[in-house]
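Colleague: Please see the structure below; I have some questions.
What follows draws every value from the coordinates through simple rules; no lab data is involved. Keep in mind it's a predicted model, so treat the numbers as computed, not measured. Neighbour counts are summed over all protein chains in view; Cβ atoms, including those assigned to glycine, are modelled from backbone coordinates with ideal geometry.
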Amino acid sequence: MTRDDIEKQVLEIFLREFEVDNPDMDANLREAYEFDSIDAIELLLEIEKFLGSELSQDEKKQAMDIRTLRQVCDYIEHLARVRNLIGQKG
């Protein structure tokens with residue numbers, strides 16, 4: 001898994017689950033795309049599917065400060081590093 005893989009998957013999730021096509025990576029999700037707490041929970045579920053494992057309570061708490069797609073990608077990249085998924089093909 002590479003950063004490009006992560007960004008591509010996040011964009012696919014946003015198109016498929018939230019009907020957001022070609023989003024601005026630095027736009028505030030709440031302001032630009034009316035992202036709410038239900039959407040955030042759905043996104044966390046999608047992240048778990050992508051990583052192939054459940055998020056811990058601490059990892060879910062870390063997600064509470066995410067405001068942009070770039071931050072979503074940073075968050076996933078961090079989780080992937082912790083799980084030793086970075087650099088693996090798959």
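Colleague: Please give the charge dipole size of the chain, origin at the Cα centre, charges +1 on K and R Cβ atoms and -1 on D and E Cβ atoms. Round to the nearest 20 debye.
Modeller: 460
Colleague: As I understand it, the dipole of the stretch 3-82 uses +1 on the Cβ of Lys and Arg and -1 on the Cβ of Asp and Glu, about the Cα centre. Which of Ser56, Phe18, Leu44 lies farthest toward its positive end?
Modeller: Ser56
Colleague: Given the -39500 (n - 2.57) contribution per DSSP H run of 4+ residues, what per-residue ellipticity at 222 nm results for the chain, rounded to the nearest 500 deg cm²/dmol?
Modeller: -19000 deg cm²/dmol
Colleague: A follow-up question, please. What residues qualify as long-range amide H neighbours of Val20, i.e. H under 5 Å apart, gap of 5 or more or another chain, H built at 1.01 Å from N?
Modeller: Close amide H contacts, sequence-distant or interchain: Leu15.
Colleague: Within the stretch 49-74, what residues put their amide N at less than 17 Å from the label point 7 Å along the Cα-to-Cβ vector of Ser37?
Modeller: Answer for this model: 60-67.
Colleague: Something else about it: Quick query: amide H of Ala27 versus all other amide H atoms, modeled in the peptide plane; which residues come in under 5 Å with a sequence gap of 5 or more or a different chain?
Modeller: Leu69
Colleague: Output ³J(HN,Hα) for the stretch 39-53: one whole-Hz value per residue in order, computed from phi by the Karplus curve 6.51 cos²θ - 1.76 cosθ + 1.60 with θ = phi - 60°, and x for Gly and Pro.
Modeller: Karplus-based 3J(HN,Hα) across the stretch 39-53 equals 4, 5, 5, 4, 5, 4, 5, 5, 5, 4, 4, 4, 7, x, 7 Hz.
Colleague: Only one of the values (1) 98; (2) 87; (3) 77 was calculated from this structure for volume of the Cα convex hull per residue in Å³; name its label.
Modeller: Answer label, from the structure shown: (2).
Colleague: I want to check the label-to-label distance for Arg16 and Lys49. Put each point 7 Å from Cα in the C-beta direction and report it in nm to one decimal.
Modeller: 0.5
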